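The values are calculated or read from the model by the stated rules, or taken from the named source; none is laboratory data. Treat the numbers as computed from the prediction; the structure is a model and nothing was measured. No Cβ is skipped: glycine too gets one built from the backbone with ideal geometry, and neighbour counts run over all protein chains shown. Each accessible area value is taken on the protein alone, full model and side chains, heavy atoms only, with ligands, DNA and RNA left out. Shrake-Rupley method; radii C 1.70, N 1.55, O 1.52, S 1.80 Å.
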Amino acid sequence: MAAGFMAASPVLNQLNLEETYDFPLLDLHVHTTNEFTIKNILELGEKRNVKFGIVEHPIFWALRNDDDLKKYIENLRKYPVYVGLQPTYIGWHKNYSPELIAKVDYILMDPQTIPVENGEPMQIWKFDTYVENTEEFMERYMDYSLKILKYEPINIFAWPLFLPVCIARDYYSLWTQKRMVQLIDAAKARNIAFEINDMSHTPHDKFIMMAKEAGIKFTFGSDSRNSNVGRLDYSKAIAKKCGLKPDDFYVPVRKA
Ligand SMILES: [Zn+2]
């Protein structure tokens, strides 16, 4: 009896490993650190049968200038990964040469660093984000999201529909049909894909189905810099539930 019981778990593991998906397993939102290197990432990718896109921030404390950007691209080209950028503020591209920006495979941006007049930008992923007036926040958040979708040179809109912790319980009432349609229309107009974010479990199935209906493509993103890269449990499950097929996914073109 004991042996029979013991046998159950390897079988389950095997089933899990052999689970097949109709779509590409590609985690396009991965960061490296000094401790968690490209080699660690590729090892996990091998194990999990996932391919990766790496992103870095074009900003004064990361890729400061053309020189940094050039080195970043050249270094990653040695590896079988897509090379991406993740800007965090509007107008970032003016600080780099267009020829160099054109060398990355894709650009992904999220609306989580929201500018505030005469103050430090809100960083809404932070646990202690303070929202004084929910409706006012939502208006500001929508304005900023639409600005990104309308004007920024990006391929992927990351973390769609994420909400700060303090108002997250109102997700389904705050994401009204009207707001969802505004985001979808703006993304559609410029052929921007939506990330299915594995860390925040957003967006939800209804939004994915609406976006799919509009012909929008999707990507998976863990936004991780640790051994969570390529796990994609939420992303895979919700994509399966929504019946996404290879055609529904945005896959960058490697430029070198
Ligand atoms: Zn990121």
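Couple of notes before you dig in:
Here is a yes/no grid of residues against (1) closer than 26 Å to Ile101 by Cα; (2) at pLDDT below 95:
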site	(1), (2)
Tyr21	no, yes
Leu44	no, no
Asp67	yes, no
Lys71	yes, no
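- Residue selected from the range 128-147 under the condition touching a helix residue (DSSP H, G or I) at 6+ places or on another chain (Cβ under 8 Å) and in a helix (DSSP H, G or I), by the criterion farthest from the ligand (Cβ to nearest atom): Thr134
- Of the residues making up the range 231-255, just one is within 16 Å of the ligand (Cβ to nearest atom) and of a type in the set (A, V, I, L, M, F, W, C), namely Leu232.
- Taken together, Asn228, Asn155 contain a single residue that is within 16 Å of the ligand (Cβ to nearest atom) and over 13 Å from the mean Cα position of the chain (by Cα), which is Asn228.
- Checked against the criteria, Met180 counts as more than 26 Å from Glu35 (Cβ to Cβ), more than 16 Å from the ligand (Cβ to nearest atom) and in contact with a Phe, Trp or Tyr (Cβ under 8 Å, 6 or more places away or on another chain).
Yes/no matrix, rows are residues, columns are (1) assigned to a loop (DSSP other than H, G, I, E, B); (2) buried (at least 20 other Cβ atoms within 10 Å of the Cβ); (3) away from the ligand (no atom under 16 Å from the Cβ):
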| site | (1), (2), (3) |
| --- | --- |
| Val55 | no, yes, no |
| Trp61 | yes, no, no |
| Arg64 | yes, no, yes |
| Tyr89 | yes, no, no |
| His93 | no, no, yes |
| Glu99 | no, no, yes |
| Ile107 | no, yes, no |
| Pro121 | no, no, no |
| Lys126 | yes, no, no |
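- Among (1) open to solvent by 70 Å² or more (accessible area, probe 1.4 Å); (2) touching a residue at least 12 places away in the same chain (Cβ under 8 Å) - the single one Phe249 does not satisfy: (1)
- Residue satisfying all of: in the range 184-208; of a type in the set (Asp, Glu) and within 16 Å of the ligand (Cβ to nearest atom); surrounded by the fewest Cβ atoms within 10 Å (Cβ to Cβ) among these: Asp198
- Test: residue in the range 209-225 that is in contact (Cβ under 8 Å) with a residue 40 or more places away in the chain and surrounded by fewer than 16 Cβ atoms within 10 Å (Cβ to Cβ): yes
- Residues that are touching a residue at least 60 places away in the same chain (Cβ under 8 Å) and in a loop (DSSP other than H, G, I, E, B) were ranked within the range 69-87; the one that is most open to solvent (accessible area, probe 1.4 Å) is Arg77.
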